[in-house]
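Worksheet for the structure shown next.
The values are calculated or read from the model by the stated rules, or taken from the named source; none is laboratory data. These figures come from a predicted structure and were not determined experimentally. Counting neighbours? That spans all protein chains shown, and the Cβs are built from the backbone with ideal geometry, glycine included. Heavy atoms of the whole protein, side chains included, go into the accessibility calculation; ligands, DNA and RNA do not. Shrake-Rupley method; radii C 1.70, N 1.55, O 1.52, S 1.80 Å.
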Amino acid sequence: MHRHSKIKQALAESTNDPESVVKKYMDNLESRLDEDCIICMEKLASPSGYSDVVESKTIQPHAMGKLKQCAHSFHIPCMLAMYNNGNKDGSLQCPACKTIYGEKTGTQPKGKMEIYSIHWSLPGHPDCGAIQIVYTIPPGIQGPEHPNSGKPYTARGFPRHCYLPANSKGRLVLELLQVAWNRRLFFTVGVSSTTGEGDTVAWNEIHHKTQMSSNISGHGYPDPKYLDNVLAELAAQGVTQDCLSK
């Protein structure tokens, strides 16, 4: 490995060190609070329910902290346990209000996202053409971020075709979807909600329209609320218009 690559890797590892991440986004609380920690359901005045599974030389079992933006309070060992059980990507998400600290990423396997223009209109959007998005993910081997590392995963139903109206809001959604794709947020490896198959690529959190017409199934148009709904789903994953200016 080249010297610059080693430096970059070392910086990334130090930035995502679990204790460093938790301390970055939480302020210590010295006074005892008479409320429950919603992670372990023990009183904040008592030691963390996860203190026996979290090894730390610098964080005490009874340490409490308050998240800097939303001000919700938890045992610090509980937040550390929650972080260790996630993607360890340098981000935290408040379990109370879902506020995201840092840049949340997912566990989507490798694939490609292609974008095409279509000249005919979607039902409910007669004044513009349409945008077709094609997602392709091949079968592969699960990584350490997946449920069964080293085991194969299947990828049924790919390529998957999705549609947006080619108006100003639709193009905004497209830009944000590209950000979310790069953050690996659309798909995950797990259990299919439709077939029950395990170790397969499945949709995750952010809904798409996979049919151009007939919304009887909820997967097509017309749907006057869809663009606003998907913008809200993207925002809940930390993908907003602010991301486009970075």
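Give the range 176-192 a look and list any residue that's more than 15 Å from VAL134 (Cα to Cα) and in a helix (DSSP H, G or I), or say none.
LEU176, VAL179
State all residues of the range 125-155 that are closer than 22 Å to SER214 by Cβ and loosely packed, with under 14 Cβ neighbours inside 10 Å; if no residue qualifies, say none.
Let us first name the residues in the range 125-155 that are closer than 22 Å to SER214 by Cβ, namely 125-135.
Within the range 125-155, PRO126, ASP127 meet the criteria.
Confirm whether VAL173 is among the β-branched types (Val, Ile, Thr), open to solvent by less than 70 Å² (accessible area, probe 1.4 Å), touching a residue at least 24 places away in the same chain (Cβ under 8 Å) and not in a strand (DSSP E or B).
Working: among the β-branched types (Val, Ile, Thr): yes; open to solvent by less than 70 Å² (accessible area, probe 1.4 Å): yes; touching a residue at least 24 places away in the same chain (Cβ under 8 Å): yes; not in a strand (DSSP E or B): yes.
Considered against the rule, which asks whether it is among the β-branched types (Val, Ile, Thr), open to solvent by less than 70 Å² (accessible area, probe 1.4 Å), touching a residue at least 24 places away in the same chain (Cβ under 8 Å) and not in a strand (DSSP E or B), VAL173 comes out as yes.
Restricting to the range 193-246, name every residue that is open to solvent by less than 20 Å² (accessible area, probe 1.4 Å) and over 14 Å from LEU177 (Cβ atoms).
Once the filter is applied, which keeps residues that are open to solvent by less than 20 Å² (accessible area, probe 1.4 Å) and over 14 Å from LEU177 (Cβ atoms), the range 193-246 yields THR200, VAL201, ALA202, GLY220, TYR221.
Only residues that are at pLDDT below 90, open to solvent by 90 Å² or more (accessible area, probe 1.4 Å) and under 20 Å from HIS72 (Cβ atoms): list them for the range 2-57, please.
Selection gives GLU30, ARG32, ASP34.
Within the range 41-100, track down each residue that is polar (S, T, N, Q) and over 29 Å from ASN182 (Cβ atoms).
Selection gives SER46, SER48, SER51, SER56, THR58, GLN60, SER73.
Filter the range 58-94 down to the residues that are over 20 Å from the mean Cα position of the chain (by Cα), among the polar types (S, T, N, Q) and not in a strand (DSSP E or B), then identify the one that is surrounded by the fewest Cβ atoms within 10 Å (Cβ to Cβ).
THR58
Can you tell me which residues in the range 193-246 are in contact with a Phe, Trp or Tyr (Cβ under 9 Å, 6 or more places away or on another chain) and not in a loop (DSSP other than H, G, I, E, B)?
THR200, VAL201, ALA202, TRP203
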